[in-house]
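What follows is a short report on a single structure.
Readers should treat all values here as calculations from the given coordinates under stated rules, not as data from a laboratory. Small disclaimer: the values here were computed from a predicted structure and weren't measured. All Cβ positions, even for glycine, are placed from backbone atoms using ideal geometry, and neighbour counts span all protein chains on display.
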Amino acid sequence: MSVTQQIYRTFTKTHGLTIRTDASRYLQSTLSELGLAPSDIPSWLDALALLWIKREASGSIVELESLKVLISTLQQTQQVTGGLPEIRPSDSALGSDLPTQLRTQVDIRDHFHPIDAFSIPRWKYDALRKTFVSYPHTPKLLGTAETKAQVFQDRYDLVRQRLLRNEHFVPSTFTNEGDDEPNYCRLDTIEALQGRDDESFMLLGMLSQLEEGVLSLEDRHQSVKLDLSEMTLSNQSSGLFTENCLVLVEGVYQDNMFRVKALGLPPAEPARITYGHFPKTNFFGGPPSLQDRLVLQQIQDDHPDASLVILSDVWLDQPAVLDKLKTMFQGFEALPSVPLAFVLMGDFSSVPFIPSQDHTRAYKRHFDQLATLIQSFKRLVHNCYFLFVPGANDPWVSDLLPRPAIPKFFTATLTSKIARARFLSNPCRLRYCNRDVVIFRHDLMNKLRRNCIVVPSDEHGKDMKHHLVRTLIDQSHLCPLPLRVAPVYWAFDHALRLYPIPDTLILADKYDAYSVEYEGCCCINPGSFATNDFSFYVHYLNRNQAQFSAIPK
């Protein structure tokens, strides 16, 4: 029996797995390199298939990339112990702990994955099955009118399913005898208002202006006009309320008008609860990890200094900026432990890019100069990632989100000289072991404040940065603004979701630098490097803490 037939028999016939053709070829190549005796191949394949099944997020389809990760982990064990390791489903190299020898061999860069927005899987909530299902078709940049409508339906469905699990919206199993009042917040639809004047309701819907100057609330099927005249700031939660924002309203229905008594954002759901309900769903994107979370946590704990250096508005056309970058690189080069990655965000020029010959040459030249500068720091080049995220005025200039990475024409020299340079979309994501990081370069503060249709409350003395952070996380979305203000590729709106809540949210903005924690998420705005005294943040991934830094003038 050929090796191909043995692979098919073991994976498909014996264990019910579907192995892709390219994965099967890779497995044949691996077996050839290992030089196993023909009599040992069946038992080795059987043990490998059992290991695949044991992995939490593997699934029944054996993909090439996931198989590579599994075999790579086994080969690491082989390098430490010598010879071919005995593969068992309980192998400690893949179980709940790492062998002491193997810990010293771990390269944390193998557990660091930059994720482009256009590769993030697209999920929608199926209310009948009470789970998330993937869209059957590959999304296209130019969507249909149906795709546009689906954007708001998906946002609504995501928040509603999350809300109905919240303890305040779940009926208690035990009630007091004779208690006529419900012991939970009952969520109604707008359709339920009909014929029920003078009754109190709580509704979830999207704020909109279907008629100019008239505020309305929309859910999946209907809309109702809102009257906010009787609402006071004391009955309003913190947050920035704009059109297209999903809100909870409580009030009374009278004369075809919903008279609002209280207004608030739907409470966020901690990530652990989300993953507890949907453990098999890869919301975040990137390659599935075949290692236990305990193993990844151990790797995190063994590298407490793993960090990101975060900068925004890195104007490469300004000599002072390049000079301060050099000073910064010199400082990190001299440290005992260098950062895992430098995150450099646009704009990368002090003037907006114009598609002309002069601008094109100058823009490319600035990245070439940066490549030469970085090359002079050998430790950083060898050990660190350099991640580049475009701003609004970088090529090609467009208001649509998500923004593609800067074209290769401008970056070819840098990527050829710096092996770990990555040019990413805006927004983008990073995964490091068990840490999820979302990066977004957008001047959100000014846009949200300009488009507020309800004056923010001063609840508990919260300042604007707390209002902003709470709005985004409670909305489960990076940009809850009308499409005319912040246009989005309809089929890629899911790339702007904040669900589940990430561990770290980097919101690069021209607003003052800050670091805020909300619902377990560390939210960081590094401010403008070029205009804010060359300030930046260092984020320690294991501790999920941020440290403000600045380069002296």
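Structure notes:
- Listed values [x] 18, 46, 26, 9, 1, 0; [y] 19, 47, 29, 5, 0; [z] 20, 50, 25, 4, 1, 0 include one computed from this model; for P(r) over Cα pairs in 20 Å bins from 0, in percent that value carries the label [y].
- Between the listed residues Ala49, Thr30, Leu370, the Cα displaced farthest toward the positive end of the dipole of the chain, a dipole computed from Cβ unit charges relative to the Cα centre, is found at Thr30.
- Asp302 versus Ala334: modelled label distance in nm, points set 7 Å from Cα along the beta carbon direction: 3.1 nm
- Segments 228-235, 413-420, 367-374 sorted - mean Cβ within 10 Å per residue, highest first: 367-374, 413-420, 228-235
- Cα-Cα over 20 Å, subset of Lys324/Lys447; Lys324/Lys553; Lys225/Lys261; Lys324/Lys408: Lys324/Lys447; Lys324/Lys408
- The magnitude of the dipole of the stretch 214-294, with charges of +1 and -1 set on the Cβ of Lys/Arg and Asp/Glu and taken from the Cα centre, is near 340 debye.
- Relative to the longest principal axis of the Cα atoms of the chain, the long axis of helix 41-54 makes an angle of roughly 20 degrees.
- For the stretch 128-134, putting each phi into the Karplus relation 6.51 cos²θ - 1.76 cosθ + 1.60 with θ = phi - 60° gives couplings of 6, 8, 6, 7, 8, 10, 7 Hz, in residue order, rounded to whole numbers and with x for Gly and Pro.
- Relative contact order, whole percent, for the chain stands at 16, derived from Cα pairs under 8 Å and 6 or more residues apart.
- Think of it as helices only: each DSSP H run of n ≥ 4 in the chain is worth -39500 (n - 2.57), and spread over all residues that comes to -9000 deg cm²/dmol at 222 nm.
- With the charge dipole of the stretch 362-506 set up from +1 on Lys and Arg Cβ and -1 on Asp and Glu Cβ about the Cα centre, the Cα lying farthest toward the positive end among the listed residues Leu387, Pro427, Cys479 is that of Leu387.
- Computed from backbone phi, the HN-Hα couplings of the stretch 515-524 come to 9, 10, 10, 8, 6, x, 9, 8, 9, 10 Hz, rounded to whole numbers (Karplus: 6.51 cos²θ - 1.76 cosθ + 1.60, θ = phi - 60°; Gly and Pro given as x).
- Only lysines eight or more places from Lys280 in sequence, or on another chain, were considered; those with a Cα closer than 19 Å are Lys54, Lys124, Lys130.
- Taken one residue at a time, the phi angles of the stretch 221-236 give Karplus couplings (6.51, -1.76, 1.60, θ = phi - 60°) of 10, 9, 9, 8, 6, 10, 10, 9, 5, 9, 8, 10, 4, 5, 9, 10 Hz. Gly and Pro are set to x.
- A simple charge model with +1 on the Cβ of Lys and Arg, -1 on the Cβ of Asp and Glu and nothing else charged puts the dipole of the chain at about 2180 debye relative to its Cα centre.
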